[in-house]
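> Got a structure for you, written out below as C-alpha coordinates; questions coming shortly.
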(Lines give C-alpha, C1' and ligand atoms only; values in the text may rest on other atoms or scores of the structure.)
Protein backbone atom coordinates (compact mmCIF):
# COMPACT_ATOMS: atom_id res chain seq x y z
CA UNK A 1 0.00 0.00 0.00
CA UNK A 2 1.11 3.58 -0.61
CA UNK A 3 2.18 5.88 2.21
CA UNK A 4 -0.61 7.76 3.93
CA UNK A 5 -0.36 11.36 5.07
CA UNK A 6 1.36 10.52 8.36
CA UNK A 7 3.97 8.40 6.64
CA UNK A 8 4.59 11.13 4.09
CA UNK A 9 5.15 13.63 6.89
CA UNK A 10 7.50 11.17 8.58
CA UNK A 11 9.41 10.67 5.34
CA UNK A 12 9.64 14.43 4.81
CA UNK A 13 10.99 15.07 8.32
CA UNK A 14 13.40 12.17 7.95
CA UNK A 15 14.97 13.61 4.80
CA UNK A 16 15.31 17.05 6.41
CA UNK A 17 17.04 15.38 9.37
CA UNK A 18 19.48 13.62 7.04
CA UNK A 19 20.30 16.93 5.34
CA UNK A 20 21.07 18.51 8.76
CA UNK A 21 23.37 15.66 9.76
CA UNK A 22 25.25 15.86 6.45
CA UNK A 23 26.70 19.23 7.47
CA UNK A 24 26.65 19.03 11.27
CA UNK A 25 30.44 19.09 11.71
CA UNK A 26 31.30 21.50 8.90
CA UNK A 27 30.96 24.75 10.97
CA UNK A 28 33.39 23.44 13.59
CA UNK A 29 35.89 22.23 10.99
CA UNK A 30 35.83 25.68 9.37
CA UNK A 31 36.07 27.36 12.80
CA UNK A 32 39.15 25.31 13.75
CA UNK A 33 40.81 26.11 10.44
CA UNK A 34 40.16 29.84 10.76
CA UNK A 35 41.41 29.94 14.35
CA UNK A 36 44.28 27.54 13.70
CA UNK A 37 43.22 25.89 16.96
CA UNK A 38 40.94 23.05 18.01
CA UNK A 39 41.07 23.76 21.73
CA UNK A 40 37.45 24.87 21.92
CA UNK A 41 36.32 21.30 21.26
CA UNK A 42 36.44 18.39 23.71
CA UNK A 43 38.13 15.24 22.42
CA UNK A 44 35.83 13.16 24.64
CA UNK A 45 32.80 14.79 23.01
CA UNK A 46 33.89 13.65 19.55
CA UNK A 47 34.91 10.11 20.52
CA UNK A 48 31.81 9.34 22.61
CA UNK A 49 29.51 10.78 19.93
CA UNK A 50 31.15 8.52 17.34
CA UNK A 51 30.66 5.37 19.43
CA UNK A 52 27.05 6.40 20.09
CA UNK A 53 26.39 6.73 16.36
CA UNK A 54 27.76 3.26 15.69
CA UNK A 55 25.47 1.77 18.36
CA UNK A 56 22.59 3.84 16.95
CA UNK A 57 23.04 2.36 13.49
CA UNK A 58 23.38 -1.24 14.65
CA UNK A 59 20.28 -1.04 16.82
CA UNK A 60 18.21 0.69 14.11
CA UNK A 61 19.02 -2.01 11.55
CA UNK A 62 18.20 -4.82 14.00
CA UNK A 63 14.89 -3.20 14.98
CA UNK A 64 13.84 -2.59 11.35
CA UNK A 65 13.08 1.09 11.86
CA UNK A 66 11.68 3.52 9.30
CA UNK A 67 13.63 3.76 6.00
CA UNK A 68 14.83 7.34 6.54
CA UNK A 69 15.98 6.48 10.07
CA UNK A 70 18.02 3.56 8.76
CA UNK A 71 19.35 5.72 5.92
CA UNK A 72 20.39 8.26 8.54
CA UNK A 73 22.06 5.50 10.51
CA UNK A 74 23.85 4.19 7.43
CA UNK A 75 25.10 7.68 6.68
CA UNK A 76 26.11 8.24 10.27
CA UNK A 77 27.99 5.03 10.47
CA UNK A 78 29.25 5.19 6.96
CA UNK A 79 31.59 6.59 9.47
CA UNK A 80 34.26 4.52 8.09
CA UNK A 81 33.97 6.88 5.25
CA UNK A 82 31.99 9.97 5.97
CA UNK A 83 31.04 10.72 9.53
CA UNK A 84 34.15 9.14 10.98
CA UNK A 85 36.09 11.09 8.38
CA UNK A 86 34.69 14.26 9.94
CA UNK A 87 35.62 13.00 13.40
CA UNK A 88 39.11 12.18 12.15
CA UNK A 89 39.45 15.67 10.63
CA UNK A 90 38.43 17.31 13.92
CA UNK A 91 40.82 15.15 15.93
CA UNK A 92 43.61 15.78 13.44
CA UNK A 93 42.98 19.53 13.66
CA UNK A 94 43.08 19.47 17.48
CA UNK A 95 46.38 17.59 17.69
CA UNK A 96 47.99 19.26 14.70
CA UNK A 97 47.29 22.80 15.93
CA UNK A 98 48.27 21.73 19.45
CA UNK A 99 51.62 20.46 18.11
CA UNK A 100 52.04 23.60 16.03
CA UNK A 101 51.41 25.89 19.01
CA UNK A 102 53.74 23.88 21.24
CA UNK A 103 56.55 24.28 18.70
CA UNK A 104 55.96 28.03 18.61
CA UNK A 105 55.65 28.21 22.42
CA UNK A 106 52.12 29.65 22.18
CA UNK A 107 49.67 28.84 25.04
CA UNK A 108 46.88 26.43 24.09
CA UNK A 109 44.37 28.48 26.07
CA UNK A 110 44.30 32.17 26.86
CA UNK A 111 44.10 33.73 30.31
CA UNK A 112 41.05 35.73 31.38
CA UNK A 113 43.02 39.01 31.32
CA UNK A 114 44.40 38.32 27.85
CA UNK A 115 40.99 37.31 26.54
CA UNK A 116 39.31 40.44 27.91
CA UNK A 117 42.12 42.58 26.51
CA UNK A 118 41.56 40.94 23.15
CA UNK A 119 37.89 41.79 23.32
CA UNK A 120 38.69 45.47 23.60
CA UNK A 121 42.07 45.99 21.97
CA UNK A 122 43.22 43.24 19.69
CA UNK A 123 42.49 39.82 18.24
CA UNK A 124 42.35 36.96 20.72
CA UNK A 125 44.95 34.20 20.40
CA UNK A 126 42.04 31.82 19.96
CA UNK A 127 40.39 34.02 17.36
CA UNK A 128 41.50 34.95 13.84
CA UNK A 129 42.87 38.44 13.45
CA UNK A 130 45.76 40.58 12.30
CA UNK A 131 46.32 42.60 15.48
CA UNK A 132 44.00 45.45 14.59
CA UNK A 133 41.33 46.77 16.92
CA UNK A 134 38.49 44.30 17.49
CA UNK A 135 35.82 46.41 19.18
CA UNK A 136 32.63 47.08 17.20
CA UNK A 137 33.96 45.28 14.09
CA UNK A 138 33.92 42.01 16.00
CA UNK A 139 30.21 42.38 16.74
CA UNK A 140 29.60 43.17 13.11
CA UNK A 141 31.57 40.07 12.09
CA UNK A 142 29.50 37.95 14.49
CA UNK A 143 26.34 39.19 12.81
CA UNK A 144 27.77 38.40 9.40
CA UNK A 145 28.71 34.91 10.59
CA UNK A 146 25.20 34.39 11.95
CA UNK A 147 23.67 35.52 8.66
CA UNK A 148 26.01 33.20 6.78
CA UNK A 149 25.03 30.15 8.80
CA UNK A 150 21.32 31.02 8.81
CA UNK A 151 21.58 31.10 5.03
CA UNK A 152 23.36 27.75 5.18
CA UNK A 153 20.56 26.42 7.38
CA UNK A 154 17.93 27.48 4.86
CA UNK A 155 19.98 25.78 2.15
CA UNK A 156 20.26 22.57 4.21
CA UNK A 157 16.51 22.47 4.81
CA UNK A 158 15.96 23.11 1.10
CA UNK A 159 18.19 20.15 0.25
CA UNK A 160 16.14 17.99 2.63
CA UNK A 161 12.88 19.13 1.04
CA UNK A 162 14.31 18.51 -2.44
CA UNK A 163 15.47 15.00 -1.45
CA UNK A 164 12.00 14.23 -0.08
CA UNK A 165 10.35 15.53 -3.26
CA UNK A 166 12.63 13.42 -5.47
CA UNK A 167 12.04 10.34 -3.30
CA UNK A 168 8.28 10.90 -3.44
CA UNK A 169 8.36 11.36 -7.22
CA UNK A 170 10.42 8.20 -7.77
CA UNK A 171 8.07 6.10 -5.63
CA UNK A 172 4.76 7.68 -6.61
CA UNK A 173 3.64 4.57 -8.52
CA UNK A 174 5.54 2.04 -6.47
CA UNK A 175 3.59 0.39 -3.65
CA UNK A 176 5.60 0.33 -0.46
CA UNK A 177 4.68 -0.41 3.08
CA UNK A 178 6.07 0.49 6.44
CA UNK A 179 8.76 -1.97 7.59
CA UNK A 180 7.78 -4.49 10.23
CA UNK A 181 9.13 -3.25 13.55
CA UNK A 182 10.44 -5.86 15.93
CA UNK A 183 10.90 -5.51 19.68
CA UNK A 184 14.25 -7.26 19.90
CA UNK A 185 16.36 -7.09 23.06
CA UNK A 186 19.75 -6.63 21.33
CA UNK A 187 18.53 -3.67 19.29
CA UNK A 188 16.90 -2.15 22.37
CA UNK A 189 20.11 -2.51 24.39
CA UNK A 190 22.16 -0.91 21.60
CA UNK A 191 19.55 1.83 21.23
CA UNK A 192 19.64 2.70 24.94
CA UNK A 193 23.45 2.55 24.98
CA UNK A 194 23.54 5.01 22.07
CA UNK A 195 21.07 7.30 23.89
CA UNK A 196 23.27 7.30 27.01
CA UNK A 197 26.39 7.93 24.91
CA UNK A 198 24.78 10.84 23.05
CA UNK A 199 23.92 12.42 26.40
CA UNK A 200 27.29 11.56 27.92
CA UNK A 201 29.16 13.06 24.96
CA UNK A 202 27.87 16.53 25.84
CA UNK A 203 29.16 16.35 29.42
CA UNK A 204 32.90 16.73 28.65
CA UNK A 205 32.08 19.58 26.24
CA UNK A 206 29.93 21.39 28.81
CA UNK A 207 32.68 20.98 31.41
CA UNK A 208 35.34 22.20 28.97
CA UNK A 209 33.23 25.26 28.20
CA UNK A 210 33.52 26.30 31.86
CA UNK A 211 37.25 26.93 31.35
CA UNK A 212 37.32 28.02 27.70
CA UNK A 213 34.10 30.09 27.94
CA UNK A 214 33.17 28.58 24.56
CA UNK A 215 36.09 30.29 22.79
CA UNK A 216 36.88 28.40 19.60
CA UNK A 217 33.57 26.54 19.66
CA UNK A 218 31.10 27.00 16.81
CA UNK A 219 27.52 27.39 18.08
CA UNK A 220 26.27 26.27 14.68
CA UNK A 221 27.53 22.73 15.32
CA UNK A 222 24.85 22.58 18.01
CA UNK A 223 22.26 24.45 15.94
CA UNK A 224 22.54 21.78 13.23
CA UNK A 225 22.54 19.03 15.86
CA UNK A 226 19.36 20.42 17.44
CA UNK A 227 17.68 20.68 14.04
CA UNK A 228 18.76 17.17 13.04
CA UNK A 229 17.64 15.60 16.32
CA UNK A 230 14.33 17.48 16.41
CA UNK A 231 13.31 16.46 12.91
CA UNK A 232 14.64 12.95 13.65
CA UNK A 233 12.37 12.20 16.61
CA UNK A 234 9.43 14.07 15.05
CA UNK A 235 9.74 11.80 11.99
CA UNK A 236 9.35 8.79 14.31
CA UNK A 237 6.30 10.25 16.06
CA UNK A 238 4.72 11.42 12.80
CA UNK A 239 4.69 7.86 11.45
CA UNK A 240 2.53 6.53 14.27
CA UNK A 241 1.58 7.09 17.89
CA UNK A 242 0.78 3.42 18.37
CA UNK A 243 2.11 2.07 21.69
CA UNK A 244 4.12 -0.70 20.00
CA UNK A 245 5.69 1.77 17.58
CA UNK A 246 6.64 4.09 20.45
CA UNK A 247 8.05 1.18 22.48
CA UNK A 248 10.23 -0.06 19.62
CA UNK A 249 11.56 3.44 18.97
CA UNK A 250 11.78 4.57 22.60
CA UNK A 251 15.61 4.59 22.80
CA UNK A 252 15.91 6.74 19.67
CA UNK A 253 13.16 9.10 20.79
CA UNK A 254 14.74 9.48 24.24
CA UNK A 255 18.27 9.91 22.88
CA UNK A 256 17.25 12.61 20.42
CA UNK A 257 14.92 14.60 22.67
CA UNK A 258 17.22 14.63 25.71
CA UNK A 259 20.25 15.51 23.58
CA UNK A 260 18.38 18.56 22.28
CA UNK A 261 18.10 19.91 25.84
CA UNK A 262 21.84 19.50 26.44
CA UNK A 263 22.65 21.14 23.12
CA UNK A 264 20.40 24.04 24.09
CA UNK A 265 22.36 24.30 27.34
CA UNK A 266 25.61 24.54 25.34
CA UNK A 267 24.08 27.36 23.30
CA UNK A 268 23.05 29.03 26.56
CA UNK A 269 26.67 28.80 27.74
CA UNK A 270 27.86 30.35 24.49
CA UNK A 271 25.54 33.35 24.64
CA UNK A 272 25.92 33.75 28.41
CA UNK A 273 29.70 34.09 28.13
CA UNK A 274 29.43 36.43 25.14
CA UNK A 275 27.01 38.65 27.06
CA UNK A 276 29.37 38.70 30.06
CA UNK A 277 32.32 39.60 27.82
CA UNK A 278 30.44 42.49 26.23
CA UNK A 279 29.39 43.76 29.67
CA UNK A 280 32.97 43.62 30.97
CA UNK A 281 34.25 45.38 27.87
CA UNK A 282 31.58 48.10 28.30
CA UNK A 283 32.58 48.62 31.94
CA UNK A 284 36.23 48.97 30.93
CA UNK A 285 35.51 51.77 28.43
CA UNK A 286 35.17 54.68 30.94
CA UNK A 287 38.37 53.79 32.83
CA UNK A 288 40.38 53.43 29.63
CA UNK A 289 38.95 56.67 28.24
CA UNK A 290 39.90 58.51 31.47
CA UNK A 291 43.48 57.29 31.33
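The values are calculated or read from the model by the stated rules, or taken from the named source; none is laboratory data. Bear in mind the structure is a predicted one, so any value in this text is a computation, not a measurement. Heads up, the Cβs are rebuilt from the backbone with ideal geometry, glycines too, and the neighbour counts pull from every protein chain shown.
> From the list 17, 85, 10, exactly one residue is at pLDDT 60 or above, more than 13 Å from the chain's Cα centre (by Cα) and closer than 21 Å to residue 252 by Cα. Which is it?
The conditions single out 10.
> Right, next: Those residues that are in contact (Cβ under 8 Å) with a residue 40 or more places away in the chain and assigned to a loop (DSSP other than H, G, I, E, B), I need them from the stretch 204-241; list them, please.
213, 214, 215, 216, 217, 218, 240
> Looking for something within 15 Å of the chain's Cα centre (by Cα) and surrounded by fewer than 20 Cβ atoms within 10 Å (Cβ to Cβ) - is there at least one such residue anywhere in the stretch 231-247? Give the steps one after another, and end with the answer.
First, the residues of the stretch 231-247 that are within 15 Å of the chain's Cα centre (by Cα): 231-232.
If we keep only those that are surrounded by fewer than 20 Cβ atoms within 10 Å (Cβ to Cβ) too, we end up with none.
The answer is no; no qualifying residue exists.
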